[in-house]
């Protein structure tokens, strides 16, 4: 695989022909979301040749990463955390004055322009099934073109692996169960009683949205921590540092909200005044018609809406045996993106680099450390 053109040509057949030939590149970036694009930008800027030196594998049909799957009511007016990719500002590609523009439209548009502007060698749709090692090289097994690489930047994010807790009676419930990843809009719930489970930012946002069109009940495992603070850069850095400390110790990363608590915004104050945030403790089981607590209390519902977060999408790395008994991966390097067990592997968008700001910052360090490790 000597040229970028050859990479693109191979990608067009990826879904119909599964090759047994492994194309050799120095680095494979898995995922073309914020973290993957940022890492790719800095790899190219450092002189790593697109197509021959590195390629990006993406399992989506087009640009935008997880953004293209966000719910329709998420617009530029209420989206949380859009940050510029390195080298090209969001404002330069999208009309940010149009606050009604859907995030699922605006961000893919931005990513698409970004990919073309920097001529990044992205192969899609191509799904990585597993990564193995042989003779000091990684074999990236996909549903199409196969790759052999010296190093890996894994930037697969979390959107494809929603976390839905297992509760007794789940199979008995005759209503609808869905996760944040399946949500489209609140209108789909009109006339139904919706139990919303979760205490993160998305849970609060969607509770607010759904409560405006139908009856809701709010359930969380732990009492939410509402705090009067502005989420400023200093607080953000402190939260990221705490998440970083966890992954350096090999513990599974936690969300920033679990560290900082929830800021009492005007929207949240309004929800409190309306009684929308009348939180109930976590139920013990599901019934045919709703949920039941240990004391026998029941609540009928038409929908159980799980806003319970996501797992990092790392199953394809399982053959490399990176995960420890705690379910985490010991991380090292300047920004804790480097796998301590094998410095040839970087997890961009994992732990402290999971935010959009963190992913951008990590891209530069990932490229630098990986290039040094591989001697490129």
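Taking the convex hull of the Cα atoms, report for the range 121-206 its projected area averaged over all directions, in nm².
Reported value for the Cα convex hull: 9.7 nm².
As a length-normalised measure over Cα pairs under 8 Å and 6 or more apart, the relative contact order of the range 235-346 settles at 28 percent.
Checking the a/c ratio against 1.5 first, then a/b against b/c, what shape does the Cα gyration tensor give for the range 239-340?
oblate
Computed from label points 7 Å out along Cα-Cβ, the spacing between residue 72 and residue 213 is 0.8 nm. Here the range 54-137 is treated as an ellipsoid with the same Cα gyration tensor; its semi-axes, largest first and in whole Å, are 29, 15, 10.
Figure the gain on full extension for residue 166 and residue 139 (residue separation times 0.36 nm, minus the Cα-Cα span) and round it to one decimal in nm. Could you put the intermediate results ahead of the total?
On the way: separation 27, 0.36 × 27 = 9.72 nm, distance 3.44 nm.
Length gained, residue 166 through residue 139: 6.3 nm.
Largest mean-square fluctuation among 295, 58, 143, in a Gaussian network model of the chain whose springs join Cα atoms under 10 Å apart, belongs to 295.
With N the number of residues in the range 164-252, Rg(Cα) / (2.2 N^0.38 Å) evaluates to 1.39. For the Cα trace of the range 117-164, dividing Rg by the Kirkwood Rh returns an Rg/Rh value of 1.02. How would the range 88-135 be classified by its alpha-carbon gyration tensor: rounded, prolate or oblate, with rounded meaning a/c under 1.5 and the a/b versus b/c comparison settling the rest? Prolate shape, in that a/c is at least 1.5 and a/b is the bigger ratio. Quick one: Cα centre-to-centre distance for the range 197-216 and the range 58-72, in angstrom? The range 197-216 and the range 58-72 have Cα centres separated by 23 Å.
Quick one: length gained pulling residue 245 to residue 280 fully straight, 0.36 nm per residue minus the C-alpha distance?
Full-extension gain reported as 9.4 nm.
Pairs of Cα atoms nearer than 8 Å and 6+ residues apart set the relative contact order; for the chain it is 22 percent. Across the chain, the convex hull enclosing all Cα atoms gives 152 Å³ per residue. A straight chain from residue 318 to residue 265 at 0.36 nm per residue would run longer than the Cα-Cα distance by 15.0 nm.
Per-residue ellipticity at 222 nm computed for the chain from its helices equals -8000 deg cm²/dmol, with DSSP H segments shorter than 4 residues left out and the rest contributing -39,500 (n - 2.57).
Sorting 312, 141 by the number of Cβ atoms found within 10 Å of their own Cβ, with the fewest placed first, yields 141, 312.
Values in this text are rule-based calculations from the coordinates and carry no lab data. Given the structure is predicted, the values throughout are model-derived calculations rather than measurements. For neighbour counting, all protein chains shown are included, and Cβ atoms are generated from backbone atoms with ideal geometry for every residue, glycine included.
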